[in-house]
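Inspection log for the structure reproduced underneath, given as structure tokens.
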2 protein chains.
Amino acid sequence: MKLKQFQSHLQKEGIDLVFLIHPDSNIIYFTQMKPSFAFLLITPDTASLYLSKLDMPPSVKNLSVISLRKDWEKKASDPKVKKIGINKSSISLAYVEKLQKMYPHAKLIDISLTLNELRAQKTPDEIQKITKACSITSQAFNSLINKFSSKKFKTERDVAFFLEKFIREHDAELAFPTIVGSGKNSAVPHHVTGSSKLQKGFLQLDFGASYKNYCSDMSRSLYIGKPTAAEKDHYNLLHTAQTEPIKAVTLNKPFTELDKISRKHLGKYSSYFIHSLGHGVGVEIHEAPSFSEEAKQTIKQNHIFTIEPGIYFPGKYGIRIEDTLLFDGKAKILTTSPKELVILK
Amino acid sequence: MKLKQFQSHLQKEGIDLVFLIHPDSNIIYFTQMKPSFAFLLITPDTASLYLSKLDMPPSVKNLSVISLRKDWEKKASDPKVKKIGINKSSISLAYVEKLQKMYPHAKLIDISLTLNELRAQKTPDEIQKITKACSITSQAFNSLINKFSSKKFKTERDVAFFLEKFIREHDAELAFPTIVGSGKNSAVPHHVTGSSKLQKGFLQLDFGASYKNYCSDMSRSLYIGKPTAAEKDHYNLLHTAQTEPIKAVTLNKPFTELDKISRKHLGKYSSYFIHSLGHGVGVEIHEAPSFSEEAKQTIKQNHIFTIEPGIYFPGKYGIRIEDTLLFDGKAKILTTSPKELVILK
């Protein structure tokens with residue numbers, strides 16, 4: 001959490017005030033809580049959280065908490081404010097208009113890129129939390145494969161529930177809705193876990209814990225029954241396409257290069273890899289750094305991101321292997337569960 | 001789901017196109033799914049969902065599904081479009097600017113109020129789904145009080161987990177993060193359920209199931225141990241302050257009147273009732289109708305809403321009783337769990 005650095009940036013840029021409005025993940029970032037409703041006002045010297053009385057105030061250094069009242073607009077208004085920072089990709093038009101009314105002479109400036117960049121390079125405290133979230137996630141997976149039995153686990157939901165119970169019992173929450181796809185459901189990357197019966201073939205998992213508001217993200221493909229030679233080949237190819245880009249991780253390398261390496265290894269199967277190779281992870285499950293061509297981002301010290309190639313044969317099956325990694329001079333895999341194809345009986 | 005009615009409104013108002021962008025709950029409303037990312041374009045005659053390839057397309061009548069691609073902006077652009085409807089309270093400034101670039105000659109018009117109003121009065125299908133969600137919620141509560149034992153339930157999280165498991169096993173999801181507050185935690189209306197040990201005194205629950213994307217919302221206060229006479233009095237007073245406004249529910253009555261009735265019954269304790277009496281429930285846990293003074297809303301046929309007074313003594317304890325109700329000529333309580341104070345041992 002880099003409030004001081006952010007405030008220095010405001011000072012340098014002559015931004016009088018930054019206005020963050022629920023639901024903006026930057027509020028979670030700066031307050032280390034998930035309020036049900038809040039505004040966060042940051043100036044070069046102060047940070048004030050306007051919080052509903054329904055929530056428990058956080059105890060964060062240098063953050064003052066003000067009870068949110070109907071007259072917050074009057075209180076927040078200040079005619080000296082000339083330059084207001086906003087998060088353009090989150091603030092709604094309704095609040096932009098409210099701000100323009102409150103500060104008719106101020107100029108609105110997008111600070112989302114600055115915040116994204118700041119958040120992408122994690123602090124030691126954030127690294128510790130994400131490492132812990134990844135460790136809980138890996139343990140949940142390991143426990144699942146140890147305890148799996150076709151008697152106890154009959155549906156996709158049974159598998160999801162086992163993982164989620166494990167996560168919750170380890171003082172964490174879910175980072176996002178757990179994906180468990182059996183058989184042809186595994187071919188839909190964002191399959192909605194349901195009451196489908198587990199069947200022979202690939203079983204795709206994609207899940208993560210959130211520890212003290214910091215996320216982890218891991219995918220593994222399991223197999224129920226006996227895989228065919230072709231299925232094994234596809235899995236092994238994907239495995240290589242996941243480990244090779246990790247080997248290529250070095251400082252300042254463009255993320256698009258990692259993507260190219262993975263696709264090169266997938267060869268003719270790369271047309272079945274229908275999403276990007278990865279994304280940053282933090283208080284949001286998807287945050288900076290971005291792997292997109294347009295973003296032109298490169299690997300920096302203390303970036304935390306995923307590497308997750310997949311192959312999806314529509315209507316048949318899909319496989320995806322995903323780790324969350326820290327770059328601290330070299331690539332360090334935080335989700336340590338085994339990546340050999342696990343055969344379940 | 002009232003796509004046809006909404007399209008008639010567009011026709012009447014001369015709105016060429018409505019642009020809804022993730023995450024807008026109206027997308028859930030019209031598609032009956034929760035996409036990971038999507039745009040929904042509605043004209044007086046058509047409805048097109050631009051969906052990521054990672055999601056499974058929904059099968060909804062009169063809705064065509066288009067694969068979301070990088071060139072969606074070109075495809076969606078149409079110089080004949082002069083009047084575009086947007087949801088001002090959800091669309092981000094970044095997307096407003098994108099729209100203005102795509103349609104430089106079009107006027108943007110806020111259609112959020114129309115959508116709120118449309119959604120507030122539920123269809124038979126929606127009533128059925130919410131009734132089912134409420135029934136699962138009530139059953140979960142009833143099962144908890146039957147199975148409660150201080151040996152099995154040691155922490156707030158144990159209680160939450162029991163309720164959530166029940167909900168999930170009944171083909172539903174959580175409508176929102178379950179609130180379980182024991183002892184002084186019950187005094188924080190939006191307490192974050194944690195590993196706090198259950199202690200003697202009030203145990204506040206606030207939870208709900210979401211069945212096929214439709215929510216339910218229920219709160220109950222339990223007591224562990226033997227309540228004092230004062231505690232019993234507070235509970236009974238609250239009970240009256242919850243049932244009396246329900247008795248007063250009639251067509252066209254302003255929601256603020258229900259609020260007044262509840263506060264009148266709370267008497268000197270009404271200053272400890274720090275939130276509004278209720279809110280509408282649908283695909284969102286909080287949606288129209290609004291109980292606020294400003295909204296000036298009145299009870300209409302097929303409104304579904306909560307009645308939930310609370311008394312919170314900061315640092316001591318809090319109690320809240322909440323039901324989800326349907327108005328179909330008279331008030332019908334959908335969350336049928338008992339409201340007498342349940343004493344747990």
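The values are calculated or read from the model by the stated rules, or taken from the named source; none is laboratory data. Every value quoted in this text rests on a predicted model; they were computed, and no experiment measured them. Cβ coordinates were reconstructed from backbone atoms using ideal geometry, including for glycine residues, and neighbour counts include every protein chain displayed.
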Completion exercise
Residue hits (region A:187-215; charged (D, E, K, R) and either closer than 14 Å to A:Glu322 by Cβ or not assigned by TED's automatic domain parsing to the domain that holds A:His170 (or both)) are A:Asp206
Practice task
Determine, yes or no, whether A:Gly282 is small (Gly, Ala, Ser), in contact with a strand residue (DSSP E or B) (Cβ under 9 Å, 6 or more places away or on another chain), at pLDDT 95 or above and assigned by TED's automatic domain parsing to the domain that holds A:Thr131.
Solution key: yes
Practice task
Give me a count of the residues in region B:216-239 that are out of contact with any strand residue (DSSP E or B) (no Cβ under 7 Å at 6 or more places or on another chain) and of a type in the set (Val, Ile, Thr).
Solution key: 1
Completion exercise
Taking region B:1-52 and keeping residues over 24 Å from B:Ile285 (Cα atoms), of a type in the set (D, E, K, R) and outside any helix (DSSP H, G or I) leaves B:Asp16, B:Asp45
Handout entry: Selection within region B:249-275 - under 20 Å from B:Gln121 (Cβ atoms), of a type outside the set (Val, Ile, Thr) and in contact (Cβ under 8 Å) with a residue 12 or more places away in the chain
Key = B:Leu251, B:Asn252, B:Lys253, B:Pro254, B:Phe255, B:Leu258
Completion exercise
Restricting region B:145-173 to residues that are in contact with a strand residue (DSSP E or B) (Cβ under 8 Å, 6 or more places away or on another chain) and within 15 Å of B:Thr335 (Cβ to Cβ), the one farthest from the other protein chains (Cβ to nearest Cβ) turns out to be B:Ile145
Fill in the blank from the handout: Flagged in region A:220-235 as crowded, with 17+ Cβ neighbours inside 10 Å, charged (D, E, K, R) and assigned to a helix (DSSP H, G or I), in numbering order, are A:Glu231
Problem - Lone qualifier among A:Lys212, A:Lys165 - being surrounded by fewer than 18 Cβ atoms within 10 Å (Cβ to Cβ), of a type in the set (D, E, K, R), closer than 23 Å to A:Ile136 by Cβ and free of Cβ contacts under 8 Å to residues at least 60 places away in the same chain - result: A:Lys165
Exercise for the section: Would you check which residues across region B:273-282 are buried (at least 19 other Cβ atoms within 10 Å of the Cβ) and farther than 20 Å from B:Lys332 by Cβ and list them? Expected result: B:Phe273
Exercise for the section: Pull up region A:247-260, narrow it to residues that are aliphatic (A, V, I, L, M) and surrounded by 17 or more Cβ atoms within 10 Å (Cβ to Cβ), then point me to the one that is nearest to A:Ile304 (Cα to Cα). Expected result: A:Val249
Completion exercise
Taking region B:169-186 and keeping only residues that are surrounded by fewer than 21 Cβ atoms within 10 Å (Cβ to Cβ) and more than 17 Å from B:Gly225 (Cβ to Cβ), one is left with B:Glu169, B:His170, B:Asp171, B:Glu173, B:Leu174, B:Phe176, B:Pro177
Practice task
Could you tell me which residue of region B:174-205 is farthest from the other protein chains (Cβ to nearest Cβ), considering only residues that are within 17 Å of A:Ala172 (Cα to Cα) and among the β-branched types (Val, Ile, Thr)?
Solution key: B:Val180
Exercise for the section: Among the residues of region A:130-188, write down those that are closer than 23 Å to A:Ile285 by Cα and basic (Lys, Arg). Expected result: A:Lys132, A:Arg157, A:Lys165, A:Arg168
Problem - strands (runs of 3 or more DSSP E) (entirely within region B:236-345) containing at least 1 residues that are touching a Leu at 6+ places or on another chain (Cβ under 7 Å) - result: B:303-307, B:310-313, B:317-320, B:323-327, B:331-333, B:342-344
Exercise for the section: Tell me, please, whether a residue that is crowded, with 17+ Cβ neighbours inside 10 Å, at pLDDT 95 or above, away from chain A (no Cβ under 14 Å) and within 25 Å of A:Glu284 (Cα to Cα) can be found in region B:77-89. Expected result: no
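For (1) modelled with pLDDT under 95; (2) farther than 30 Å from A:Leu251 by Cα; (3) within 23 Å of the chain's Cα centre (by Cα), each residue gets a yes or a no:
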| site | (1), (2), (3) |
| --- | --- |
| A:Lys132 | no, no, yes |
| A:Ser135 | no, no, yes |
| A:Ala140 | no, yes, yes |
| A:Ala160 | no, yes, yes |
| A:Glu164 | yes, yes, yes |
| A:Gln199 | no, yes, no |
| A:Gly208 | no, no, yes |
| A:Tyr211 | no, no, yes |
| A:Lys232 | no, yes, no |
